[in-house]
Structure formats: C-alpha cells, structure tokens
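Scroll down for the structure; my scribbles are underneath it.
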Amino acid sequence: MHLRDAWVEVDLSAISRNIRALKALLAPGVGFMAVVKADAYGHGAEAVTRAALSAGADRIGVATTKEAIALRAAGVNVPIQLLAQPPQSAIDELLQHSIIPAVTTSGFASSLASMADARGIEALCHLKVDTGMNRIGVRHDEAPLFAREIADLPGLRIEGVFTHFATADVPGDWDFGRQVDRFEETVAGIRNEGVDPGIVHAANSPATILSPRTHQSMVRCGLAMYGMYPCEAARDLVELTPAMSVKARITLKKRINIGDGVSYGLTWRAAEPSDLVTLPLGYADGVHRAASNAMEVLIGGERCQQVGRVCMDQLMVVLPRGNSAKAGDEAVLVGRQGAEQIEMDELAQAAGTINYELACAFGMRLSRRIA
Ligand SMILES: *Cc1c(COP(=O)(O)O)cnc(C)c1O
C-alpha cells in the first residue's frame, strides 16, 4: 500500500553480484559469512539473507540474539552466529534456536556448557580473541589457556576462533600488521594447547578486499556485500554495485523571493528569485541534520542544492535555473538518476559520518521496496 512519498529501494541482484565479486577474491575453500546485523545495514535482514545464501554465502552473522531468532522464525536454517557474547540470560534462547555465540568469559562459557549438557546436547561457540582493538575478546596472550579451559567443558565445543581489526581500512597500517601477527600466534598457541581452533576467521570487508593473508578459513563481510566501499583503496581491487537507493517525491513546489529564508533558523536565504521544492523525509529517516546546507539531491537528472536545516520529517531543495521539476516528480538522495549518481559515501561526508551509519539509519523509518 502506498502511504508515503519517501522510500528506500534495495536491489538484491546487486547484493548477489557483490558476493560473487568478493568470493572471487578468496582461495578455494575459504568460507563466506554474510553479516546482516542491524537489519542488514538497513537493507532488510530476511531478504538479504536469502539473496546471500543463494549467491553462495555459507553462514550468517548478526549482533544480537533477537536478530538471530527473527531469522530462525523466517525459516533460515544455516548456521547463525553472534559476533559478540550475549548476557547469560539469553542462553536458553541460544540453545533452543541453535544460535552460535561468541564467547569471551569463562562464566558465560561454563553456563552455556552446563545448560547444553543438561539438555543432552553440545553447544557450539566461537572464541573471540582481542588482538588490539580493545573492544571485546579474551586478551591474545591469555587466549590459548582460556581455550584449553573451555575446551574441557562437557556440553561445549569450540567451533571457531576469531578476532576483529581496528584499522583494516588503512592500507599498510602498522597496528593492523601487529593484529594479524598476534592473531596468527594466538591460533598457533591454541593448537599448542592441543585444542583444535576449528574455523579461523578475522577479515571484515576492508581486510577481505585489501589483505588476502587475513582470509584464513572464512571472511565476514557486511559493508562490501551491500555495494559500499570501506575505503578509497578498495575501489581499484573489486567492483561493487550499491544495493540501496533513497528516493522521495516532491510534495510542494513554490517560488521564493530574494532574501527569503528557508527552514528552522532561516539559515539559508535566496540570493535571487528561486524555485524551491519540499521533500517528505528528514533526520528521523536517516538524513542527518548535520548535512543541512551541505548535501545535494538529484532532481530532473541534475544535482540540486539542499537548503536550510533538515527537519525531522522534511527537507527543502532549491532548483537550478531551468530545472522544471514539479510536485510528484522523483528526487534521489542516494542512487542514480539519469547520468548522475550520489553514493552513500558522498552523503556521509556531508554529514560528517561514514556510509555504514547512514545505511543503518535509512533502514529505520523509511519503507523498503525490494527488487
Ligand atoms: C560488523 C562486523 C563485521 C562486518 O564488517 P564490515 O566492515 O561491514 O564488513 C565483521 N566482523 C565483526 C566482528 C563485526 O562486528
């Protein structure tokens, strides 16, 4: 049902193409985890998961137990794993829905093991190693003994060992190299303790594209799968197609005079008589207010300046002289129109943030048209 003239379009064939392009960078036998946390970075987790699995993804990564349960409820039956350790109160649900958690504390590991054992099953987990990002994980130099300790618990099996990079998007970065070294040493240390690390994985999108040495047994890709580049250097190495477009229809067109101001605070004033149009989306839809007066919108195949402060639900755009767009015409905030294109990256720069954050934000209130 058509209730609103502002929406997100998601092109699932672009996602399939991107996955094939990323898999072409991998040696045979290297697995591919499709990361669909945060409703697939705003693209819609269920549809993206189906597209990813048919394009050759092996398993699914999410951030929260609730995200994993929603995919199970939708009938997804491949391995689903959490990229972090949830609270112990989530263990019942993990076991009930066969969700594989990351493990970072012995308290969680022993509860998971004993609750699984009590049900007569073996729970799988992936041991998260902190090699330098200092977010979550067992310290790299403590991980081998930790692995030994939890490997002995009845009811629990370490299915994999992983780490996460802080600077994989910076080519040649020293700290990145140190994390890679530490991770390789840690995995060797775990083997030395007589524990099989199973699936060894580290690479996010930037490492997958820039650093084949990090591929190990599996890569974990989010951003690149959606057709966005994690850094400029990645553009030369793989061809990706953006899957998300953000569009709206002009709700109002009006003529304003020299000196007339626009939107809250009247932060922009017309330097000449101008045609101004209103679009029915704003910062509650993911158009960051910080991009006010700094972003462009495609209308009539042309780049047009957004003017005045972005409001919660609306924003205004001034038409270049000669642009005859009218109410009901389509405007593109992210995506293509005619020969012009605005990438998520461009809008992110105007807003002082990154493409990751904007894609998530566009997924929150706008309705989605999946093609
Ligand atoms: C989000 C996340 C990823 C995916 O990162 P991208 O840069 O979007 O590919 C991979 N691993 C972990 C642990 C994550 O949290």
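The values are calculated or read from the model by the stated rules, or taken from the named source; none is laboratory data. As the structure is a prediction and not an experimental result, all values here were calculated from the model. Here Cβ is always computed from backbone atoms with ideal geometry, including for glycine, and neighbour counts include all displayed protein chains. The area values use the complete protein model at the heavy-atom level, side chains included, leaving out ligands, DNA and RNA. Shrake-Rupley method; radii C 1.70, N 1.55, O 1.52, S 1.80 Å.
Annotations
- Phi-based couplings in Hz for the range 140-151 (Karplus 6.51, -1.76, 1.60; Gly and Pro marked x): 4, 7, 9, 5, x, 5, 4, 4, 4, 4, 7, 5
- Put GLU122, GLU346 in order of accessible area, highest first, and with a 1.4 Å probe you get GLU122, GLU346.
- Length available on full extension from SER106 to ALA271: 0.36 nm per residue minus the Cα-Cα distance, which gives 52.8 nm.
- Helix 106-118 vs. the chain, principal-axis angle (Cα, 0 to 90°, nearest 10): 70 degrees
- The shape of the range 212-371 comes out prolate: with a ≥ b ≥ c from the C-alpha gyration tensor, a/c is at least 1.5 and a/b beats b/c.
- Carbon plus sulfur fraction of accessible area for the chain, probe 1.4 Å, in percent: 50 percent
- Heavy-atom surface of the range 203-330, accessible at 1.4 Å and reported per residue (Å²): 41 Å²
- Local electrostatic count, MET218, Cβ distance below 13 Å [Lys/Arg +1, Asp/Glu -1]: +1
- Antiparallel DSSP beta bridges within the chain, percent to nearest 5: 50 percent
- Using θ = phi - 60° in the Karplus curve 6.51 cos²θ - 1.76 cosθ + 1.60, the 3J(HN,Hα) couplings for the range 129-134 round to 10, 8, 9, x, 6, 6 Hz; x is entered for Gly and Pro.
- Residues in the range 76-103 that a label on ALA63 would reach, taking backbone N under 15 Å of a point 7 Å out along Cα→Cβ: 82-87
- Backbone geometry of the range 225-235 corresponds, through the Karplus equation with coefficients 6.51, -1.76 and 1.60 at θ = phi - 60°, to 3J(HN,Hα) couplings of 4, 7, x, 10, 8, x, 6, 4, 4, 6, 4 Hz, x marking Gly and Pro.
- Ordered by solvent-accessible area of protein heavy atoms (1.4 Å probe), largest first, the residues THR131, THR241 come out as THR241, THR131.
- Relative contact order of the chain, defined on C-alpha pairs under 8 angstrom at six or more residues apart (%): 18 percent
- Mean residue ellipticity (222 nm) of the chain, computed from DSSP H runs ≥ 4 via -39,500 (n - 2.57), nearest 500: -8000 deg cm²/dmol
- Beta bridges from DSSP with both residues in the range 181-303: antiparallel share about 80 percent, rounded to the nearest 5.
- Shape category assigned to the range 253-299 from the gyration tensor of Cα positions, a/c cut at 1.5: prolate
- Stretch gain in nm, segment ASP313-ASP141, where the contour uses 0.36 nm per residue and the Cα spacing is subtracted: 56.9 nm
- Quotient of Cα Rg and 2.2 N^0.38 Å for the range 68-202, N being how many residues it contains: 1.07
- Prolate/oblate/rounded call for the chain, Cα gyration tensor, a/c under 1.5 rounded: prolate
- Rolling a 1.4 Å probe over the heavy atoms of the protein chains gives the range 1-150 an accessible area of 42 Å² per residue.
- Note on the chain: lysine pairs with Cα distance below 24 Å, sequence gap of 8 or more or different chains, count 9.
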